[in-house]
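Here the structure is laid out as structure tokens; the discussion comes afterwards.
The values are calculated or read from the model by the stated rules, or taken from the named source; none is laboratory data. The model shown is predicted, which means the values in this text are computed figures rather than measured ones. Here the Cβ positions follow ideal geometry from the backbone for every residue, glycine too, while neighbour counts run over all protein chains shown.
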Amino acid sequence: MRTRIVTVFFIVITLSSFLIGVFLYPHLPAHIVGHWDASGNPNGVISKFWGLFLLPLIELFLFLLYYFIPKIDPLKNNIESFRKMYNLLWVILSLFLFYIHLLTLYWNTGHIFSITTFLLPAFTILWFSIGYILKHTKPNWFVGIRTPWTLSNETVWHKTHALGGTLFQAVGVCTLLGMLIPKYGIFFMLIPLFIAVISTVIYSYAISKK
């Protein structure tokens, strides 16, 4: 995926997010639902402004990160060596946030549905894609599994990311299985995710000792 295409993509997604918020602003109450529990039941509200524009602002922040990280990373040449995967990562993150933004607004315009049922497939794609990208990530200071041991040794980096990539893809599969029991589906994601994160940190330390 070319950098110029990704830049245009970010501009379109971010601008669309803001425009949707501007369009809906007069039609929503002062506070809207902005949080749901693990079972998909609404349990928190936020002001209309933040409900409509928080995620677009995060999209804008993501674009700034995407643009500046390759310029300020001391290992910028490594980022260029896996630039296609780097670009893909930011596109996936941006699409994921845009999808959540649309789900939230759709729910608050009177369309009541099980939000968990629609979130789990998105999380499945997110974790499986991140796992795939991790396997192709080269040492750098901003993207990947950054522990003191992976940043200190290239071999530790590659071995940790090979394992981490597989574990995150497994998290995606577990999340998909959680769709069979939507009420508890979020736990099919959170527990494997916790295990994956802890395992990669411990593994990076263990492999560095060898």
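Looking across the range 10-33, the residues that are within 20 Å of LEU93 (Cβ to Cβ) and touching a Ser or Thr at 6+ places or on another chain (Cβ under 7 Å) come down to PHE10, ILE13. The residues on offer are LYS138, LYS183, LYS210, and the sole one that is farther than 24 Å from PRO74 by Cα, of a type in the set (D, E, K, R) and either in the same structural domain as LEU102 (by TED's automatic domain parsing) or in a loop (DSSP other than H, G, I, E, B) (or both) is LYS210. Residues that are part of a helix (DSSP H, G or I) and buried (at least 19 other Cβ atoms within 10 Å of the Cβ) were ranked within the range 148-162; the one that is farthest from the chain's Cα centre (by Cα) is VAL156.
For the range 63-71, check the following and say yes or no: at least one residue is at pLDDT 90 or above, surrounded by fewer than 17 Cβ atoms within 10 Å (Cβ to Cβ) and charged (D, E, K, R). Within the range 63-71, one or more residues are at pLDDT 90 or above, surrounded by fewer than 17 Cβ atoms within 10 Å (Cβ to Cβ) and charged (D, E, K, R).
Only one residue in ILE145, ILE181, ILE186 is modelled with pLDDT under 95 and buried (at least 19 other Cβ atoms within 10 Å of the Cβ), so which one is that? Break it down into steps so the answer makes sense when it comes.
On the way: ILE145 fails: modelled with pLDDT under 95; ILE181 fails: buried (at least 19 other Cβ atoms within 10 Å of the Cβ).
None of the other options fit; the residue is ILE186.
Quick one: which residue in LEU89, LEU93, LEU103 is outside the structural domain of MET179 (by TED's automatic domain parsing), part of a helix (DSSP H, G or I) and closer than 16 Å to VAL45 by Cα?
Values: LEU89 fails: closer than 16 Å to VAL45 by Cα; LEU93 fails: closer than 16 Å to VAL45 by Cα.
Exactly one residue qualifies, and that residue is LEU103.
Restricted to the range 21-54, and to residues there that are assigned to a helix (DSSP H, G or I), among the aliphatic types (A, V, I, L, M) and within 21 Å of the chain's Cα centre (by Cα), the residue that is surrounded by the most Cβ atoms within 10 Å (Cβ to Cβ) is LEU52. The residues listed here are PHE61, PHE98; of these, the one that is assigned to a helix (DSSP H, G or I) and closer than 27 Å to ALA170 by Cβ is PHE98. Within the range 64-82, residues that are closer than 16 Å to GLU154 by Cβ have Cβ atoms under 8 Å from residues that are surrounded by 15 or more Cβ atoms within 10 Å (Cβ to Cβ) and of a type in the set (A, V, I, L, M) in these pairs: ASP73/ILE79; ILE79/ILE69; ILE79/VAL143, counting only partners at least 6 apart in sequence or on another chain. Selection of the range 74-128 for residues being of a type in the set (S, T, N, Q), more than 12 Å from the chain's Cα centre (by Cα) and surrounded by 18 or more Cβ atoms within 10 Å (Cβ to Cβ) yields ASN78, ASN87, THR104, ASN108, THR116.
Restricting GLY21, GLY51, GLY40, GLY34 to those that are of a type outside the set (Lys, Arg), in contact (Cβ under 8 Å) with a residue 24 or more places away in the chain and on the phi > 0 side of the Ramachandran plot reduces the list to GLY40.
Among the numbered conditions (1) part of a helix (DSSP H, G or I); (2) modelled with pLDDT of 95 or more; (3) surrounded by fewer than 20 Cβ atoms within 10 Å (Cβ to Cβ), the only one that LEU176 does not meet is (2).
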